[in-house]
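The values are calculated or read from the model by the stated rules, or taken from the named source; none is laboratory data. Everything numeric here is computed off the predicted structure, so don't read it as measured data. Positions of Cβ are backbone-derived with ideal geometry, glycine not excepted, and every protein chain shown enters the neighbour counts. Surface areas here come from the heavy atoms of the whole protein model, side chains and all, with no ligands, DNA or RNA. Shrake-Rupley method; radii C 1.70, N 1.55, O 1.52, S 1.80 Å.
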There are 2 protein chains.
Amino acid sequence: MEIFKTAAELQKFALDAKRSGKIIGLVPTMGYLHAGHASLIDIARKKADIVIVSIFVNPTQFGPTEDLDKYPRDFEHDLELCTQHGADVIYAPAPDAMYEADASTWVEEVKLSKVLCGVSRPIHFRGVTTVVAKLFNLTLPDIAVFGEKDAQQLLVIKRMVRDLNFPVEIIAAPLVRQNDGLALSSRNRYLSETEKSNALVLSQSLYAARGAIESHGLEGVDLIIEAMKEKITAAGGRVDYVEALDTANLEPPTAETKEVLLALAVFFGTTRLIDNQIIQVK
Amino acid sequence: MEIFKTAAELQKFALDAKRSGKIIGLVPTMGYLHAGHASLIDIARKKADIVIVSIFVNPTQFGPTEDLDKYPRDFEHDLELCTQHGADVIYAPAPDAMYEADASTWVEEVKLSKVLCGVSRPIHFRGVTTVVAKLFNLTLPDIAVFGEKDAQQLLVIKRMVRDLNFPVEIIAAPLVRQNDGLALSSRNRYLSETEKSNALVLSQSLYAARGAIESHGLEGVDLIIEAMKEKITAAGGRVDYVEALDTANLEPPTAETKEVLLALAVFFGTTRLIDNQIIQVK
């Protein structure tokens, strides 16, 4: 496994690989890797000749009051996980190596990124699309794997790829949960034992809502969401949002809706967790 | 020579070429090609195995009151010029084939694009950077050639390439003029004979100013610019701007400035012309 620290080294490697006809797979991460990330690497491993994992806590996707500084890091463990899962290259740039001091170019998706997490994190997705565009240009992937845990991010990235004609196939990897249902997240490490246990209400209420929508359709979805919010609040969560939106446009569902994203963001203590279900509608 | 009308055909061709190690050169144009464009194709021809010329009047870089509808088109003549200069591929998408109806992703440079033409054409450069990013992703060029006639565009594109890590070398091609000094532009065809003759004041006043700055430095640059404006106005031009800015950041020159862009935009009748000189400062 090779480790690159600079954009120039990485891009030269990727260009050589591309020119010799190799299929390149990219797994972009912020490090502190868990079984969810491992599943992304496994998918890339099956589809690509060369698997590149990027590890970079991207400052431009964090708001001024968010957890950039305390975001967990463990490069040795990340290295081990990448080795075990057969990655060929790790790209781990220094914090200030990714952006020039006078950088002035953004890639911005202005529709899908404005709802759900985009409301409380207004600059988040602009940072995500910009850094992902940079990583695409540095690694020239044929495929890139993103987790369904970040369902809105996945839709925004797919839209960016379509709109800007990136020659990259975006592959969605299923959300990975603990046995008790908690969605894996690097941010789970912020949670106390009590908070961890309280946070189980998220997956439980999502499963219940999914069952109700699959049985009865979207008729009563507003009531279902109200009930979820009450249950979550009763368990000690502070709701940022719980919403069901059409995955085609992230607008409220209509009679034409075929699939909804039921998504939530909830604080337990100071930790903001997200979780979701993608539900087929009859 | 091959002509592609759809993004899918073009991108497949480019990917195949890239994977077989070919060096790809791109010349992005809006068609109605003249000797200035031909010089860009000649440069690409010398440096690349495969030369792709795109011909697309990009709607997103025109403001609502601008000349999108009347912008001149002559595909047969463009075809002939591209053939004569040895282009391998023309990409000529239909007007509505380049953007999805619900496109929602922009590439935006937010510093260099805000001055000069960016003041009177506030959405222009966002359209340019977005379409050029799309063309880069569709043609996967190793080099791309842009004319110095559009000096600000060149700086904005170079900044975008740097900031987003596009694996593309941007080559600047010298501005091409008529024998009488008028900078070649597809928009010259809008000019009456009188306007064409009056517009010679642009290159003449730029040359005079260049001489003065090269002899005396930037001390008296404000007076030089005032004199240019008076001369241009006296010749029947309506000045949008005449400015001298540091090419490093498009800010007013300082004691550290090594190179200035002396640029102007002037209306003759309803036709807006641009011209410039890039001047080394002692």
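Is it true that A:Ala172 is in contact with a Leu (Cβ under 9 Å, 6 or more places away or on another chain), in contact (Cβ under 8 Å) with a residue 24 or more places away in the chain, open to solvent by 30 Å² or more (accessible area, probe 1.4 Å) and not in a helix (DSSP H, G or I)?
Here the answer is yes, as A:Ala172 does meet what is asked.
Among the residues in the range A:6-24, are any more than 17 Å from the chain's Cα centre (by Cα), away from chain B (no Cβ under 14 Å) and touching a residue at least 24 places away in the same chain (Cβ under 8 Å)?
For the range A:6-24, residues more than 17 Å from the chain's Cα centre (by Cα), away from chain B (no Cβ under 14 Å) and touching a residue at least 24 places away in the same chain (Cβ under 8 Å): absent.
As an exercise: evaluate B:Met98 against (1) more than 14 Å from every other protein chain (Cβ to nearest Cβ); (2) of a type outside the set (Ser, Thr, Tyr); (3) surrounded by 13 or more Cβ atoms within 10 Å (Cβ to Cβ) and give the number of the one condition it does not meet.
(1)
Out of all the residues in the range B:253-278, which are farther than 17 Å from B:Glu214 by Cα and either over 23 Å from the mean Cα position of the chain (by Cα) or not in a strand (DSSP E or B) (or both)?
B:Gly269, B:Thr270
Restricting attention to the range B:186-241, and to residues there that are within 19 Å of B:Leu116 (Cβ to Cβ) and assigned to a loop (DSSP other than H, G, I, E, B), which single residue is most open to solvent (accessible area, probe 1.4 Å)?
Ranking the candidates gives B:Leu218 first.
Condition first: surrounded by fewer than 21 Cβ atoms within 10 Å (Cβ to Cβ), facing chain B (nearest Cβ under 10 Å) and part of a helix (DSSP H, G or I). Now tell me which residues in the range A:105-125 satisfy that.
A:Lys114
Tell me which residues, restricted to the range A:160-182, are touching a Lys or Arg at 6+ places or on another chain (Cβ under 6 Å) and either within 14 Å of another protein chain (Cβ to nearest Cβ) or under 17 Å from A:Leu135 (Cβ atoms) (or both).
A:Leu164, A:Asn165, A:Ile170
Can you run down the residue pairs with Cβ atoms below 9 Å, 6 or more apart or on separate chains, where the first is in the range A:188-200 and in the same structural domain as A:Arg238 (by TED's automatic domain parsing) and the partner is open to solvent by less than 50 Å² (accessible area, probe 1.4 Å) and among the acidic types (Asp, Glu)?
A:Tyr190/A:Asp67; A:Ala199/A:Asp275
Applying the selection to the range A:136-154, what residues are within 11 Å of chain B (Cβ to nearest Cβ) and among the hydrophobic types (A, V, I, L, M, F, W, C)?
Passing the criteria: A:Phe136, A:Leu138, A:Leu140.
Among the listed residues B:Leu33, B:Leu10, B:Leu40, which satisfies the condition of being at pLDDT 95 or above, part of a loop (DSSP other than H, G, I, E, B) and hydrophobic (A, V, I, L, M, F, W, C)?
From the options B:Leu33, B:Leu10, B:Leu40, the qualifying one is B:Leu33.
For the condition among the β-branched types (Val, Ile, Thr) and in contact with a Phe, Trp or Tyr (Cβ under 7 Å, 6 or more places away or on another chain), what is the one hit in B:Thr194, B:Thr271?
From the options B:Thr194, B:Thr271, the qualifying one is B:Thr271.
Looking only at residues in the range B:26-42 that are more than 13 Å from B:Tyr91 (Cα to Cα) and either crowded, with 22+ Cβ neighbours inside 10 Å or of a type in the set (S, T, N, Q) (or both), which one is farthest from the other protein chains (Cβ to nearest Cβ)?
Top of the filtered list is B:Ser39.
Criterion first (buried (at least 23 other Cβ atoms within 10 Å of the Cβ) and part of a strand (DSSP E or B)) does A:Val132 satisfy it?
Criteria not met by A:Val132.
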